[in-house]
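Student: Dropping a structure here in structure tokens format, bear with me for questions.
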Amino acid sequence: MPQTSDQMRDPGSVQVRSKNEQAMESISVFDIFKVGVGPSSSHTMGPWRAAQRFLNAVSERAELPRVRRVRTDLYGSLAKTGKGHGTDLAVILALSGEDPVTCVVEGLTERVEETKQRGLLQLAGKHAIDFDFARDVMFHMDTALPFHPNGVTFTATFDDGSVYSETYYSVGGGFVVQEGEAPSGSHAKVLPFPIEHAAQLLAYCGMQDASIPQIVGRNELTWRNGAEIREGLLHIWREMQSCIWRGCNTEGVLPGGLNVVRRAAKMSRKLLKTEAMSAGKLPDFDEWMGGVAVSARDFESILKWVSAFALAVNEENACFGRVVTAPTNGAAGVIPAVMMYASCFKSMSDDATIDFMLAAGEVGSLFKKGATISAAMGGCQAEIGVSSAMAAAGLTQVLGGSPGQVLMAAEIAMEHHLGMTCDPIGGLVQIPCIERNTMGAIKAITAANVALESDPANAKVSLDQVIATMWQTAKDMNHKYKETAEGGLAVAVSISEC
């Protein structure tokens, strides 16, 4: 049975060291696909995890009971679009002892507001400290730290007036590092098939007479046994399905002030030819899934379903719902939409589902190692572009593609996302982010179909070349097009016009 992992550095996400100087790091498919809370992996999930690491550091010093105040300083992109992306909410929830995987998403914003109003924060869920939002969460709009655009510093003040500070960087996809941090623990594993470039992966497949999921799966056995890998990946798939289901059965207006009307539920009802939903009651999941699978199979209907699936996920993401980072939250709808397409209209089995995720996960880690999955570093090509490439690879795999065709599909998908900017209106992960997920999903399906009808030996551009090109494009891109809400649609369209 197939599984996954790989060996990586953290390139495009780190500016201080060159790629050749960066430490080698191993990464699992479970690092690429993570269950969490929207709306942003870099601005919500990353700061959340950073705050948890800071609390752990304070606890390890046995000083948690002595803390009287915790101050959070947000820099660069975390400051400029932090409020729209919920960075302040993530930090407050993390410091309060909540976890993005297990927290109750219902009432999330209300709990944060209560903390602000009470002026009291239960540090790590057990130690009450004074909390003044205006004083304790600072947005430094005009200051960026040199290591990475997404910087955050936590400072604890103790009962004797002394302080303890740590600075973290949210480098995309929910990954968090400290400046100069070396790989440790599970990320320092030596893998049987270390992979830094797509050409290496293809060579392993040839030498071992194996598929990409088989090679990646042997690496994944470094961390988990076969049963754990299988159940873990199928659990992630169930989370994706649940997210699509909720989004396709929830109406209303998204929070944040843009007054964006949710569309996935209306599209779902129209395609299923059902009446309006009962207020506050979701239809049965299995019944809904069955209806989707037997609905009209014409091209136009399937195209609309793929769009509805992608919209559903990112509408959930925009309202602080539970999503799977794949590889980011802003692009969380692409891979689930393509997987749901394969499941409903191509009869994708559980084994094929696992193959899809292993192939897609490896492509995602290749982009992280050779370029970036951070929109603050590379624009939207680093999010929608990477997710589309991952989805194209996964779909090609389950439709019977060769290792060369799988990598070719990933290259095609990214080739047609190069240069895409990140320009969220109002700093929210809504416009144009939600619709871009539909585009990424459709491009992935197209890329897979083109690759399946092609001979990789005739390809003029390799996946490694397109990854290198993406990274160079990211470095050349003006900072205002990198998740700062200072360029593109973010300035061409005013919030009042929406």
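The values are calculated or read from the model by the stated rules, or taken from the named source; none is laboratory data. Note that the coordinates shown come from a computational prediction; the quantities given were computed from them, not determined experimentally. Glycine also receives a Cβ, built like all others from the backbone with ideal geometry; neighbour counts cover every protein chain displayed.
Student: Within the range 295-313, is there a residue that is more than 23 Å from the chain's Cα centre (by Cα), surrounded by fewer than 20 Cβ atoms within 10 Å (Cβ to Cβ) and touching a residue at least 60 places away in the same chain (Cβ under 8 Å)?
Tutor: Initial filter on the range 295-313 (more than 23 Å from the chain's Cα centre (by Cα)): 295-304.
Now drop any that are not surrounded by fewer than 20 Cβ atoms within 10 Å (Cβ to Cβ), which leaves 295-304.
This time we only want the ones that are touching a residue at least 60 places away in the same chain (Cβ under 8 Å), so: 303.
Yes, the range 295-313 contains at least one residue that is more than 23 Å from the chain's Cα centre (by Cα), surrounded by fewer than 20 Cβ atoms within 10 Å (Cβ to Cβ) and touching a residue at least 60 places away in the same chain (Cβ under 8 Å).
Student: Next up: Those residues that are in contact with a strand residue (DSSP E or B) (Cβ under 7 Å, 6 or more places away or on another chain), small (Gly, Ala, Ser) and outside any loop (DSSP other than H, G, I, E, B), I need them from the range 72-110; list them, please.
Tutor: 76, 77, 79, 82
Student: Related question: With 218, 238, 224, 246 as the choices, which residue is in a helix (DSSP H, G or I), more than 20 Å from the chain's Cα centre (by Cα) and either surrounded by fewer than 14 Cβ atoms within 10 Å (Cβ to Cβ) or assigned by TED's automatic domain parsing to the domain that holds residue 343 (or both)?
Tutor: Going through 218, 238, 224, 246 in turn, just one is in a helix (DSSP H, G or I), more than 20 Å from the chain's Cα centre (by Cα) and either surrounded by fewer than 14 Cβ atoms within 10 Å (Cβ to Cβ) or assigned by TED's automatic domain parsing to the domain that holds residue 343 (or both): 218.
Student: Determine whether the range 440-460 contains at least one residue that is at pLDDT 95 or above and within 11 Å of residue 421 (Cα to Cα).
Tutor: no
Student: Moving to a separate point now. Looking only at the range 432-454, count every residue that is under 19 Å from residue 326 (Cα atoms), out of contact with any Phe, Trp or Tyr (no Cβ under 7 Å at 6 or more places or on another chain) and hydrophobic (A, V, I, L, M, F, W, C) and tell me the total.
Tutor: Residues in the range 432-454 being under 19 Å from residue 326 (Cα atoms), out of contact with any Phe, Trp or Tyr (no Cβ under 7 Å at 6 or more places or on another chain) and hydrophobic (A, V, I, L, M, F, W, C): 8 in total.
Student: Mind counting the residues in the range 51-71 that are in contact (Cβ under 8 Å) with a residue 40 or more places away in the chain and either over 24 Å from the mean Cα position of the chain (by Cα) or closer than 27 Å to residue 254 by Cα (or both)?
Tutor: Summing the residues that are in contact (Cβ under 8 Å) with a residue 40 or more places away in the chain and either over 24 Å from the mean Cα position of the chain (by Cα) or closer than 27 Å to residue 254 by Cα (or both) in the range 51-71 gives 14.
Student: Just to check your reading of the model, which residue among 485, 468, 474 is at pLDDT below 95 and either not in a helix (DSSP H, G or I) or not acidic (Asp, Glu) (or both)?
Tutor: Within the list 485, 468, 474, the selection yields 485.
Student: Does the range 274-282 contain at least one residue that is crowded, with 18+ Cβ neighbours inside 10 Å, outside the structural domain of residue 83 (by TED's automatic domain parsing), over 24 Å from residue 44 (Cβ atoms) and in contact (Cβ under 8 Å) with a residue 12 or more places away in the chain?
Tutor: No, there is no match, as no residue in the range 274-282 is crowded, with 18+ Cβ neighbours inside 10 Å, outside the structural domain of residue 83 (by TED's automatic domain parsing), over 24 Å from residue 44 (Cβ atoms) and in contact (Cβ under 8 Å) with a residue 12 or more places away in the chain.
Student: In addition: For the subset of the range 289-326 comprising residues that are part of a helix (DSSP H, G or I) and of a type in the set (Phe, Trp, Tyr), which member is farthest from residue 235 (Cα to Cα)?
Tutor: Kept after step one, since they are part of a helix (DSSP H, G or I), are these residues of the range 289-326: 289-293, 299-318.
Adding the requirement that they be of a type in the set (Phe, Trp, Tyr) leaves 299, 305, 309.
Numbers: 299: 30, 305: 23, 309: 18 Å.
Applying the filter and picking the extreme gives 299.
Student: Return the residues of the range 111-146 that are in a strand (DSSP E or B) and farther than 21 Å from residue 78 by Cα; say none if nothing qualifies.
Tutor: Passing the criteria: 120, 121, 122, 123, 127, 128, 129, 130.
Student: Filtering the range 403-448 down to residues that are of a type in the set (S, T, N, Q) and in contact with a helix residue (DSSP H, G or I) (Cβ under 7 Å, 6 or more places away or on another chain), which residue is nearest to residue 493 (Cα to Cα)? Give the steps one after another, and end with the answer.
Tutor: Just the residues of the range 403-448 that are of a type in the set (S, T, N, Q), to begin with: 405, 421, 430, 437-438, 446.
If we keep only those that are in contact with a helix residue (DSSP H, G or I) (Cβ under 7 Å, 6 or more places away or on another chain) too, we end up with 405, 421, 430, 437-438.
On the way: 405: 40, 421: 15, 430: 13, 437: 20, 438: 21 Å.
Checked the range 403-448; the qualifying residue nearest to residue 493 (Cα to Cα) is 430.
Student: Would you point out the residue of the range 23-68, among those that are surrounded by fewer than 24 Cβ atoms within 10 Å (Cβ to Cβ) and among the hydroxyl-bearing types (Ser, Thr, Tyr), that is nearest to residue 83 (Cα to Cα)?
Tutor: 59
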